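The structure appears right after this line, and notes come after that.
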Amino acid sequence: MNDAAQNGRAYDVQETEHLWIPMPDGMRLAARLWRPKGAGRVPALLEYIPYRKRDMVRARDEQNHPFFARHGYACLRVDMRGSGDSEGVMPDMYAPAELSDARHAIDWIAAQPWCDGQVGMFGTSWGGTASLQAAVASPGPLKAVIAVCATHDRYDDDIHHMGGCLLTDSLEWGATLPAILASPPSEATGPYWMDRWRARLAALPFPVEAWLRQEARGAYWRHGSVRFDTAKLDVPILAVGGWSDRYSNSVMALAEARPDLVRGIVGPWGHHYPDVGHPGPAMGFRRLALDWWDRWLRGVEGSDPPALRVWRRSFDPPADTLDRRSGGWVDVPPDAARLEDVLHLTETGLADGPDSAGPWTLTPDLHQGEAAGDTGYFGRFGGLPLDQATEDARTTCFDTPPLDTPRDLLGAARLRLTVISPAARAQLILRLCDVAPDGTSCRIALTVRNLGLDDAMDGPASPPPRDIEIVFPTTAYRVAAGHRLRLSIGTSHWPLIWPAPVCAPITVAGVMLHLPKSAKTQTAAQAAEMAPSPPETPNHDILAAPTLRRWTETQADGTLVAHWHQPEVALRHRAINTVFAFETTAVHTLRPDDPLSATSQFTHRLRYGRPDGTANIVSRVETTATRTHWLPRGHLVAQWNNEIVFERRWSPRIPRDLS
């Protein structure tokens, strides 16, 4: 470590609340800067996201950036074009201007008199993905990247789809993102912020429309997906994920694709920075990151992180929320051979025998999915999968005998089968579960597949019969002796997955389950970096932090209704005398005899109480579908001091060709 890191608080921090970074086309990106006083020219760290440096994630920024600045780094939090205090408009996620702006910002930072010409880039979620994208044929000053909870595949490992099936998370994000983009620039940007706000509102997109139109992977989703450009990655990458997060799949994939550049860590937590990871145990991300920056931006010699360090889970009684996962850290050496066990489906369950029995006809049941929990994308409190025993009873299941010795899974399981007679645009829902001796079923991994798409998910599938391979997300899990491993095959998973338009049986045969394992792992040393970093002194007051509530009901006509509500969370930022608050409500309905009765409604509210006034943004998306069309309806209202500044409704009719 450098002297600053060793001394802990070697530098005082000089902060610039707002500055402009010019882009070649005349637009300006807004930044907040922290610098170590008296340090001269130092390496710089960039976090580049659309989540409003002024207020929305200000509390999180004030945990990470001052820490790095005290240890000798200039740190910048930059709002993307069309968001927060930056100029311009954002037409969609990962638009070409967004990707090129990142490169121009890196070059601008490297040329500043307080920077020594070297830049690191980091972030979580969108910011982590932006960091990966910048690492493809990277600009010269970019020397290293840390990507936390990032996606390398925008189609299959993102918020929008899973296995070609629409995630209802996509509809939630379709309500949330417009609310963020419709929020006003701050008064810190100058006296014409209202004019800039009105111009941004006039160009506001309805992004869920584009996402629903692009049902297959195609060029739209390949754009910005680093999975297809790993050969062009050219800087060291520390990839960090969590098993309770939808994006965890990217870490092992990147570590395997580029072992020369990528080091990977996957913990038990959800969509969070690991310092506040939940479920725990959390990890000291800031200390870990500081070692990474010192190594690649200062040339400080130190131990190379393991090629892959993962929290190997073990059985926990299923619950909506867990404070700490069972299991332990293990390291996977870079030369560890990847092996497989192959199990066949027989009339008696999962067995090592050479032949599979069958065929099996899967009976549709729209009740499947009620114990699914969240996908994990948003990092909400709770939402872990519940006891899967009821789900198992509604699907076709195959069990191993009780295990004589523990069985370790490390990597991505694969299922090979022959589809004999699917319904048009049918779905397969696959779960691997750990079944305890008392019958409690704990979900290990979930994957789904839209049988209407070809193997690359780029276009329509050929008619049956056809052989397909379905890959589960990566995992690290130990099934205890005396437990059974269960494979469940179903046909729906509401309300996580939008149902296929027709409920009809599916017949499959020749099923083989390939279970991954490693020839060599070792227990990770319980090093100091595994403990959470000490928190920074907060510069905000929490005004309200109620717990998210989830509940279900069955109406008199049999309609299933699933609700969740995050009551308003509010905090006041003392330094700028601003209150930021948010609230989200979700309602899903479905009649179990009619997949076309499905509806999802999300309402997202944002409030900004500033010294010069109060902004309120309400964004709602309600979605239904017919056999042939998606029918999303959007409504957004932006108010300033209780007067409507902008209101718009959207109601596109979008062909539903492949789902």
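The values are calculated or read from the model by the stated rules, or taken from the named source; none is laboratory data. Note that the structure is predicted; figures quoted are calculated from it, not measured. Every residue, glycine among them, receives a Cβ derived from its backbone with ideal geometry; neighbour counts consider all protein chains shown. Ligands, DNA and RNA are excluded from the accessible area calculation, which covers all protein heavy atoms including side chains. Shrake-Rupley method; radii C 1.70, N 1.55, O 1.52, S 1.80 Å.
Some observations on this one:
- Filter result for residue 365 (in a loop (DSSP other than H, G, I, E, B) and open to solvent by 20 Å² or more (accessible area, probe 1.4 Å)): yes
- In segment 462-492, the residue that is farthest from residue 396 (Cα to Cα) out of those that are without any contact (Cβ under 8 Å) to a residue 60 or more places away in the chain and not basic (Lys, Arg) is 462.
- Selection within segment 40-51: residues that are touching a helix residue (DSSP H, G or I) at 6+ places or on another chain (Cβ under 8 Å) and not charged (D, E, K, R). The member of this set that is most open to solvent (accessible area, probe 1.4 Å) is 51.
- Neighbours by Cβ (under 6 Å, 6+ apart or cross-chain): first from segment 269-291, more than 13 Å from residue 322 (Cα to Cα); second among the hydrophobic types (A, V, I, L, M, F, W, C) and part of a helix (DSSP H, G or I): 273/285; 274/285; 275/285; 283/530; 286/67; 290/5
- Condition broken by residue 473, with the remaining ones in (1) more than 16 Å from residue 385 (Cα to Cα); (2) of a type outside the set (Gly, Ala, Ser); (3) open to solvent by 10 Å² or more (accessible area, probe 1.4 Å) satisfied: (1)
- Whenever a residue of segment 618-629 is hydrophobic (A, V, I, L, M, F, W, C), its partners that are part of a loop (DSSP other than H, G, I, E, B), lying with C-beta atoms within less than 8 angstrom and at least six residues away or across chains, give the pairs 625/498; 625/501; 625/656.
- On inspection, residue 304 qualifies as without any contact (Cβ under 8 Å) to a residue 60 or more places away in the chain and open to solvent by 10 Å² or more (accessible area, probe 1.4 Å).
- Some residue of segment 250-266 being over 20 Å from residue 445 (Cα atoms), open to solvent by 30 Å² or more (accessible area, probe 1.4 Å) and part of a strand (DSSP E or B): yes
- Boolean, residue 461 is buried (at least 18 other Cβ atoms within 10 Å of the Cβ) and touching a Ser or Thr at 6+ places or on another chain (Cβ under 6 Å): no
- For residue 138, the stated conditions do not hold, so it cannot be described as surrounded by 17 or more Cβ atoms within 10 Å (Cβ to Cβ), at pLDDT 95 or above, assigned to a helix (DSSP H, G or I) and of a type in the set (Ser, Thr, Tyr).
- No other residue among 202, 179 is open to solvent by 20 Å² or more (accessible area, probe 1.4 Å), more than 18 Å from residue 130 (Cβ to Cβ) and small (Gly, Ala, Ser) apart from 202.
- Condition broken by residue 445, with the remaining ones in (1) open to solvent by 40 Å² or more (accessible area, probe 1.4 Å); (2) small (Gly, Ala, Ser); (3) modelled with pLDDT of 90 or more satisfied: (1)
- Taking each residue of segment 241-252 that is closer than 21 Å to residue 316 by Cβ and looking for partners that are assigned to a helix (DSSP H, G or I) and at pLDDT 95 or above with beta-carbon atoms closer than 6 Å, six or more apart or interchain, yields 241/251.
- Residues that are closer than 15 Å to residue 161 by Cβ and within 22 Å of the chain's Cα centre (by Cα) within segment 437-457 comprise 446, 447, 448, 449, 450, 456, 457, listed in sequence order.
- Counting only strands (runs of 3 or more DSSP E) that sit completely within segment 608-655, those holding 3 or more residues that are out of contact with any Asp or Glu (no Cβ under 8 Å at 6 or more places or on another chain), open to solvent by less than 70 Å² (accessible area, probe 1.4 Å) and modelled with pLDDT of 95 or more correspond to 613-625, 629-640.
- Residues of segment 385-398 satisfying the condition of being crowded, with 17+ Cβ neighbours inside 10 Å and outside any loop (DSSP other than H, G, I, E, B): 389, 391, 392, 394, 396, 397, 398
- Of all the listed residues (373, 439, 382), the sole one being more than 23 Å from residue 154 (Cα to Cα), modelled with pLDDT under 95 and in a loop (DSSP other than H, G, I, E, B) is 382.
- Test: residue 229 is closer than 24 Å to residue 295 by Cβ, open to solvent by 10 Å² or more (accessible area, probe 1.4 Å) and either without any contact (Cβ under 8 Å) to a residue 12 or more places away in the chain or in a helix (DSSP H, G or I) (or both): no
- Number of the exception - residue 11 against (1) in contact with a Lys or Arg (Cβ under 6 Å, 6 or more places away or on another chain); (2) touching a residue at least 40 places away in the same chain (Cβ under 8 Å); (3) in a strand (DSSP E or B): (3)
- Cβ-Cβ contacts under 6 Å between residues 6 or more apart (or on different chains), taken from a first residue in segment 449-461 that is modelled with pLDDT under 95 to a second residue that is of a type in the set (Asp, Glu) and surrounded by fewer than 23 Cβ atoms within 10 Å (Cβ to Cβ), are listed as 461/454.
- At least 1 residues being over 24 Å from residue 599 (Cα atoms) is the threshold, and among the helices (runs of 4 or more DSSP H) wholly inside segment 153-222 those reaching it are 168-181, 193-202, 218-222.
- Cβ-Cβ under 7 Å pairs, at least 6 apart or on other chains, segment 52-74 side in contact (Cβ under 8 Å) with a residue 60 or more places away in the chain and open to solvent by 10 Å² or more (accessible area, probe 1.4 Å), far side of a type in the set (S, T, N, Q) and assigned to a loop (DSSP other than H, G, I, E, B): 54/186; 62/539
- Test: residue in segment 510-532 that is under 25 Å from the mean Cα position of the chain (by Cα) and in a loop (DSSP other than H, G, I, E, B): yes
- Sole exception among (1) within 25 Å of residue 347 (Cβ to Cβ); (2) at pLDDT 95 or above; (3) assigned to a loop (DSSP other than H, G, I, E, B) for residue 504, by number: (2)
- Restricting segment 387-426 to residues that are of a type in the set (Val, Ile, Thr) and closer than 30 Å to residue 523 by Cβ, the residue that is nearest to the chain's Cα centre (by Cα) is 400.
- Only residues that are open to solvent by less than 10 Å² (accessible area, probe 1.4 Å) and under 11 Å from the mean Cα position of the chain (by Cα) were counted across segment 158-176, and they come to 3.
- Some residue of segment 539-549 being modelled with pLDDT under 80 and open to solvent by 20 Å² or more (accessible area, probe 1.4 Å): no
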